[in-house]
There are 2 protein chains.
Amino acid sequence: MTAKAPQAPRPVPTLEDVARLAGVSTATVSRCLNTPDRVVKSTRDRVMSAVDQLGYAPNFGARALAAKRTNTIGAIIPTMENAIFARGLQAFQEELGLHGMTLLVASSSYSEDVEREQIRTLCARGADALLLIGHHRSQGTLDFLEARSVPVLVAWVYDPDKPQPSIGFDNRAAMREMAELVIAKGHRRIGVISAPCDSNDRASERVQGIREAMAAHALPADAMALHETPYSIENGAAAFRQVMDSPDPPTAVMCGNDVLAVGALRAARQMGLSVPGDVSITGFDDIELAQLVDPPLTTVHVPHRDMGRMAARLLVQQLNGDGPMASTRLDTYLCDRETLGPAPR
Amino acid sequence: MTAKAPQAPRPVPTLEDVARLAGVSTATVSRCLNTPDRVVKSTRDRVMSAVDQLGYAPNFGARALAAKRTNTIGAIIPTMENAIFARGLQAFQEELGLHGMTLLVASSSYSEDVEREQIRTLCARGADALLLIGHHRSQGTLDFLEARSVPVLVAWVYDPDKPQPSIGFDNRAAMREMAELVIAKGHRRIGVISAPCDSNDRASERVQGIREAMAAHALPADAMALHETPYSIENGAAAFRQVMDSPDPPTAVMCGNDVLAVGALRAARQMGLSVPGDVSITGFDDIELAQLVDPPLTTVHVPHRDMGRMAARLLVQQLNGDGPMASTRLDTYLCDRETLGPAPR
DNA sequence: CGATGTCGTGTAAGCGCTTACACTGATCTC
DNA sequence: GAGATCAGTGTAAGCGCTTACACGACATCG
């Protein structure tokens, strides 16, 4: 195909090959690549052209081994399937790129065990720091992290009382605010569709927020019908059917996130229920999908991009030795679109 | 917090630490981890408990350096923003996992230069093979890949004539089929909203498919109004407005993918146009969103999961030395939902 | 003008791991 | 019962890179 490769003389060129071709030592080549200003221009040019000619790319593993730093940050998110974390992660990556760092992403499928495995993998791969979602993880995992002294930042939650720094929002307060609105609209029987709460502090905090609002308005605990199911549109739809299949169904269904809410919305339509005429539905996250469905979803807006960007900054600061990270709180706000209406009488 | 770490005696444990604690050589520890059956059980147990006790995790870089294999496959997709590649990649990852391989994902933002950088990065990180999207890339990149002799599989297209093996579908034929249907419904002026065609063979093939169908029915080339814009809902909406802002607007707008189509659909609603009463809209990909919008989108179904799964199998086979990969063609089919209707008269 | 810096470069010691090879006892074979 | 075989383990040589240190060649200075 190309004239440059007569056969396959040396499968992959190394620093040494470059050095030989340029007639310098490996140290000089290394310096050209990492600290170009410590090498005189004439030498540098010679080295660089050798690099090009050979199609040399430094071996990352070897580099990490020798330098003990990888400029890589790992992130483990519960899922890549839907858009919940996509936007935040995108911003995270962009900001990291600005600082010359690379992102390594893994997903845990909402499983504690998988997450532990992924943490080990990312550490093994030399991540200089980790971004994790939520606080819930086993002591063993925490110990491991501490033993390796990898800086960890927890995102999507804000909890200054935890030992690990976090960046995010107050899930409980955010959902409480939404519940207040729902109650203000006259709803007294509230269905709740949430992700499984154990091992998911975002989910449990949100449910807790609803409980608090109900208590504040002297609504009995059994006025809330809680259904837990993993995040997916299908599951949201199924859960909605179950929640509504009761002698005294709720007039509003609050969902733990938008994906579940969109499922609920579909189910409602299939059941011939008008939203919000017959039943109100609310979401959480304000993902793109929320304004695409019909009617557009009333939900809690989460500042995904800001969160991602700030997470990157905090991590970079910490790695540059500018002191420990401070937990940071971002604001959410209600997006009262069209799926929440007054309680039917 | 925990009692196990009095201070920080040795930041991160190494093979040697484990060996010392277990009273064996590093070779034995290594064997316990990689080929457990070559070590007698009593020794192995001792080693393993040392591993646990120390929280040891092998250094990936060092391992790759010594073993010259990483069991890692890299994939570079144009974007993570929307769901176009998500499902396929998920399946790809799952299948890789079954074979003990790990996936490293990067995104190129539809930029050739970024992709080249990412390819280098993934190679540097030791990817044993690469999954790339589409055939379009510079000769320099191709040379680089060949020089390093990294197996490459191209996905989301099928083209047995290219030197690189591919797995996917015939974008041109798939879109031609859709265009045939559109024409059969009586449409004669067709708007086309596509991603920029240069450097995106999927996009250009799809447009070409429309051209072929139109030619086959003796429609003049200028019966097609083509608008190119990057994939995003917003862009789709904007392009739709432009396409329709003509003295003689098209009666059907065919979009290069579902994301654009959903944007077009929104724009149509905002403009007070009924779909498909006033104007028909079609998509491509059949992402989840396609059936969530109202009315559900007529689109081309692409077997994302099959493609991902088979891509993984092909790659694994190749790495196991079972001969070179063969280009594989998958079928698409039309999903005629509710956004395509007869041409208004 | 010899002592002292400074700058650009080379030398070589690892970084943590795998693995070819060597070694040691058992077990087996005739 | 001596030699062959073999399973289990240790020894040590790298893998490709960074970087502390050494070194020579100048420029600078009192």
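Here B:L297, B:L292 are screened, and the one residue that is among the aliphatic types (A, V, I, L, M) and either surrounded by fewer than 22 Cβ atoms within 10 Å (Cβ to Cβ) or outside the structural domain of B:A184 (by TED's automatic domain parsing) (or both) is B:L292. With respect to the conditions (1) away from DNA strand C (no atom under 16 Å from the Cβ); (2) open to solvent by less than 40 Å² (accessible area, probe 1.4 Å); (3) within 10 Å of another protein chain (Cβ to nearest Cβ); (4) more than 26 Å from A:P196 (Cβ to Cβ), A:S107 lacks only one, and its number is (4). Only a single item in (1) surrounded by fewer than 18 Cβ atoms within 10 Å (Cβ to Cβ); (2) without any contact (Cβ under 8 Å) to a residue 12 or more places away in the chain is not met by B:A147, and it is number (1). Restricting A:E95, A:E112 to those that are in contact with a Lys or Arg (Cβ under 6 Å, 6 or more places away or on another chain) and more than 13 Å from chain B (Cβ to nearest Cβ) reduces the list to A:E95. Inside region A:277-289, residues that are at pLDDT 95 or above and open to solvent by 10 Å² or more (accessible area, probe 1.4 Å) make up a count of 3. Candidates in region B:318-339 are the residues that are modelled with pLDDT of 90 or more and small (G, A, S); of these, the one that is nearest to B:R176 (Cα to Cα) is B:S327. Of the residues in region B:295-315, none is at negative phi and free of Cβ contacts under 8 Å to residues at least 12 places away in the same chain. Only a single item in (1) more than 9 Å from chain A (Cβ to nearest Cβ); (2) open to solvent by 30 Å² or more (accessible area, probe 1.4 Å); (3) at pLDDT 90 or above; (4) within 12 Å of DNA strand C (Cβ to nearest atom) is not met by B:V18, and it is number (2).
Go through region B:85-104 and give me each residue that's free of Cβ contacts under 8 Å to residues at least 40 places away in the same chain and either in a loop (DSSP other than H, G, I, E, B) or open to solvent by less than 10 Å² (accessible area, probe 1.4 Å) (or both). Selection gives B:G100 alone.
Scanning region A:300-332 for residues that are among the polar types (S, T, N, Q) and touching a Ser or Thr at 6+ places or on another chain (Cβ under 6 Å) turns up just one, A:S327. Here region B:33-81 is the region considered, the condition is being within 10 Å of DNA strand D (Cβ to nearest atom) and hydrophobic (A, V, I, L, M, F, W, C), and the residue that is farthest from the other protein chains (Cβ to nearest Cβ) is B:V40.
Tell me, please, whether a residue that is touching a His at 6+ places or on another chain (Cβ under 7 Å), open to solvent by less than 40 Å² (accessible area, probe 1.4 Å) and closer than 22 Å to A:L315 by Cβ can be found in region A:46-64. No, every residue in region A:46-64 fails to be touching a His at 6+ places or on another chain (Cβ under 7 Å), open to solvent by less than 40 Å² (accessible area, probe 1.4 Å) and closer than 22 Å to A:L315 by Cβ. Give me the pairs, please: first residue somewhere in region A:30-44 and under 17 Å from A:R63 (Cα atoms), second residue anywhere and more than 8 Å from DNA strand C (Cβ to nearest atom), beta-carbon distance under 6 Å, and either six or more positions apart or on two chains. Filtered contacts from region A:30-44: A:C32/A:V47.
When A:D159, A:D201 are checked against the criterion of being away from every other protein chain (no Cβ under 14 Å), closer than 30 Å to A:Q242 by Cα and not β-branched (V, I, T), a single residue qualifies: A:D201. For region A:34-79, a residue qualifies if it is in a loop (DSSP other than H, G, I, E, B), among the hydrophobic types (A, V, I, L, M, F, W, C) and under 28 Å from B:A64 (Cα atoms), and exactly one does: A:A57. Scan region A:9-29 for residues that are part of a helix (DSSP H, G or I) and either touching a strand residue (DSSP E or B) at 6+ places or on another chain (Cβ under 6 Å) or in contact (Cβ under 8 Å) with a residue 40 or more places away in the chain (or both) and jot them down. Of everything in region A:9-29, just one residue is part of a helix (DSSP H, G or I) and either touching a strand residue (DSSP E or B) at 6+ places or on another chain (Cβ under 6 Å) or in contact (Cβ under 8 Å) with a residue 40 or more places away in the chain (or both), namely A:L15. Every listed requirement among (1) open to solvent by less than 40 Å² (accessible area, probe 1.4 Å); (2) part of a loop (DSSP other than H, G, I, E, B); (3) out of contact with any Leu (no Cβ under 9 Å at 6 or more places or on another chain) is met by A:N82 save one, (3).
Residue-level analysis places A:G88 among those that are away from DNA strand D (no atom under 16 Å from the Cβ) and more than 11 Å from chain B (Cβ to nearest Cβ).
Check B:R313, B:R305, B:R309, B:R269 and return the single one that is within 14 Å of chain A (Cβ to nearest Cβ), farther than 25 Å from A:A267 by Cα, of a type outside the set (S, T, N, Q) and surrounded by fewer than 22 Cβ atoms within 10 Å (Cβ to Cβ).
None of the other options fit; the residue is B:R305.
Considering region B:214-260, the residues that are closer than 22 Å to B:E288 by Cα and of a type in the set (D, E, K, R) include one that is modelled with the lowest pLDDT, namely B:E234. Number of residues in region A:115-140 that are more than 10 Å from every other protein chain (Cβ to nearest Cβ), within 26 Å of A:D170 (Cα to Cα) and open to solvent by less than 30 Å² (accessible area, probe 1.4 Å): the value is 9.
The values are calculated or read from the model by the stated rules, or taken from the named source; none is laboratory data. Remember, it's a predicted structure, so these values are computed and weren't measured experimentally. As a convention, Cβ positions derive from the backbone with ideal geometry for all residues, glycine included, and neighbour counts pool all protein chains shown. With ligands, DNA and RNA removed, areas are computed over all heavy atoms of the protein, side chains included. Shrake-Rupley method; radii C 1.70, N 1.55, O 1.52, S 1.80 Å.
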